[in-house]
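Undergrad: One structure follows; several queries about it will come next.
The values are calculated or read from the model by the stated rules, or taken from the named source; none is laboratory data. Being a predicted model, the structure only gives us computed values, none of them experimental. FYI the Cβ positions are ideal-geometry reconstructions off the backbone, even for glycines, and counts take in every protein chain you see. Please note that ligands, DNA and RNA were not included when accessible areas were found on the heavy atoms of the full protein model with its side chains. Shrake-Rupley method; radii C 1.70, N 1.55, O 1.52, S 1.80 Å.
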Amino acid sequence: MLVTIIYNLFFHPLRNIPGPLLHRASMIPWSIQILRGTQMFETQKMHDHYGPVVRLAPNHVAFTDSRAWKGIYGTLVDHKSGMTEVPKSLAFVQALDDTVTQIVNSGPEEHALTRRALANGFSASSLRQQEHILVRHTSHLLTLLHSNCQDGLAPINAERWYNYLTFDITGDLIFGETFGCLSGSSYRPWIALLVRAMQFSTSMTVLALLSLRWLPRLAARAAGLFGANPLGPMAAYNDALVRRRMGLPPGRPDLFEGLVRRQKELGFSQDKMCANAFILILGGSETTATTLAGATYKLLTHPEVYARLKTEVRGAFASVDEITVTSVNGLTYMMAVLNESLRMYPPIASNLVREVPRGGVEVAGRFMPGGTLVEVQPWSIHHSKENWHEPWAFRPERWLRDGGGDPAFKDDNLESMQAFSTGPRNCIGRNLAYAMMRLALARLVYDFDITLADDSDGWFEKQRSYLLWDRAELNVYFKPVRKP
Ligand code: HEM
């Protein structure tokens, strides 16, 4: 133990990278932070103190230099290892080594095939064909808010309703059926297990990093025996949904059709189809609901921003029927609000960890030896003073470079905000996400004056993140400004 600590501090190839003494010496402090869901807050503070490159653990380095996005997540050209990308760290995406692979944790070959099969479902023309699904569920949300809001007197937990909306939309876009969250005003059991599943996966990651690869598998089995492994029941429910989806007539313009059509050609088992469906649901719903909740909170605590947004949205449409996926593209201030919300409250705040291949790579001007874990944490880079003027201020004006902006923010490095990540494994659902969020936010702002309930003051600070945010309740009052 002592020998390892001495090695880590004085002889390790990363010994010159700054960081707190305990973090440079041992994995333990970082492991405790990640288990507590506070890791990315601590990392951001370390960047503030030590600068754009920080050693989080003996073998683990984080960057806030925006060149690191390309260095870590871009394509590798002519690398001596023969690799075309800095691969994802398996401890983070596949802690249980018998997990079936899917688009997020597969190697380059399977990833490219899966991505290609899915691409058409995410194209602009598919999005146009899917528009009625987005509109239908968003209208459903609005109707329910109108009937539940008691003219702005009853507090409503907005983050939960946003999640009902995004789960119902993604369910419909993937399985061809909704989860019925909006109609039932509740989560289905599968969804209720999600955050627990994320916490569980985080523990497995730490076990995988700290020890031999067999330990997480053993721990998962033991947890299963005592009913404490949420992944088991989730898998069974997911399997039933996928089987029903596979039985639908061919040619649906949805997100899953590409995989269904090519299943045989790709040789994908039922388990692999399920694993991919699960990722699509998770990727599409939690993230967009988080951003809508973050934007709502920020708007309600920044009245001047909210007032400007209301003026834009209510001035742009003569009736609610004019609010469509295409027409909301003209709302430039709303886009700035969403981008500022993604900056301040990135749904995936950290854990995009890659492992440097044999031969090493250069990241933001620094050589990282093979085997090093490297990452850019969105939470840190989105709040770094090197990239942003007043990084903790919610100022959508910083995104308005073509007029209506504020010159104080002219040097902001907008490219350093990459909530959807970059490179060949960036978010395939980015355009769909913007469409869902713009439509929902425009409809909400058009129909309601929204105010924050007292018990949701300080909402941001109450939360922790286990890959996804463990969101606190966001209670607000929706007061209608027009009849539904
Ligand atoms: C605000 C909304 C969203 C944010 C911030 C977001 C963010 C991200 C990020 C950071 C990644 C990279 C993950 C990694 O490297 O491990 C990613 C990947 C992915 N996202 Fe999203 N996402 C959003 C919405 C969506 C939507 C609506 C869908 C579709 C249903 C979706 C589906 C996916 C998929 C399938 C991947 C894996 C892509 C690949 O590996 O090639 N996401 N997303």
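Undergrad: Which loop GluC sites (Glu not before Pro) in segment 101-202, with loop taken from DSSP, have no more than 13 other Cβ atoms within 10 angstrom of their Cβ?
TA: The qualifying sites are Glu177.
Undergrad: Read phi for every residue in segment 65-75 and hand back ³J(HN,Hα) as whole Hz from Karplus 6.51 cos²θ - 1.76 cosθ + 1.60, θ = phi - 60°, with x for Gly and Pro.
TA: Per residue, the Karplus-derived 3J(HN,Hα) values read 6, 5, 5, 5, 4, 6, x, 8, 9, x, 7 Hz.
Undergrad: Using θ = phi - 60° and the Karplus curve 6.51 cos²θ - 1.76 cosθ + 1.60, what whole-Hz ³J(HN,Hα) does each residue of segment 345-356 get, with Gly and Pro shown as x?
TA: 9, x, x, 9, 7, 6, 6, 8, 8, 10, 10, 4
Undergrad: Next question. Working with all protein chains in place, sort Val353, Val3 by solvent-accessible area computed with a 1.4 Å probe, largest first.
TA: Output order, biggest surface exposure first: Val3, Val353.
Undergrad: Considering only protein heavy atoms, with the full assembly of protein chains and a 1.4 angstrom probe, order Leu141, Leu280, Leu90 by accessible area, largest first.
TA: These residues rank, largest area first, as Leu90, Leu280, Leu141.
Undergrad: Keeping every protein chain in place, order Lys479, Lys298, Lys410 by accessible area at 1.4 Å, biggest value first, i.e. largest first.
TA: The residues order as Lys410, Lys479, Lys298, largest area first.
Undergrad: For n ≥ 4 DSSP H runs only, could you compute -39500 (n - 2.57) per run for the chain, divide by its residues and tell me the 222 nm figure to the nearest 500?
TA: -15500 deg cm²/dmol
Undergrad: Accessible area of Ser186, 1.4 Å probe, to the nearest 10 Å²?
TA: My reading of the accessible area for Ser186 is about 40 Å².
Undergrad: Distance between Cα centroids, segment 313-376 to segment 9-74: provide it in whole Å.
TA: Each part reduced to its Cα centre gives a spacing of 21 Å.
Undergrad: Something else now. When a/c reaches 1.5 or more, the comparison of a/b and b/c decides; with that in mind, is segment 414-484 rounded, prolate or oblate per its Cα gyration tensor?
TA: Since a/c reaches 1.5 but b/c is at least a/b, the shape of segment 414-484 is classed as oblate.
Undergrad: Next question, about the same structure. Where does helix 430-447 land angle-wise versus the long Cα axis of the chain, in degrees 0 to 90, nearest 10?
TA: 40
Undergrad: Also: Give the accessible area for Tyr434 in Å² (nearest 10); use a 1.4 Å probe, count only protein heavy atoms, and leave out ligands, DNA and RNA.
TA: Here the residue's solvent-accessible area equals roughly 20 Å².
Undergrad: Mind scanning Lys45/Lys310; Lys410/Lys462; Lys45/Lys298; Lys88/Lys462; Lys45/Lys80 and naming the pairs with a C-alpha gap bigger than 24 Å?
TA: Lys45/Lys310; Lys410/Lys462; Lys88/Lys462; Lys45/Lys80
Undergrad: Ok, one more. For segment 2-480, report the translational diffusion coefficient in µm²/s to the nearest whole number, using Stokes-Einstein at 4 °C, 1.567 mPa s, and a Kirkwood Rh over Cα pairs.
TA: This corresponds to a translational diffusion coefficient of 55 µm²/s.
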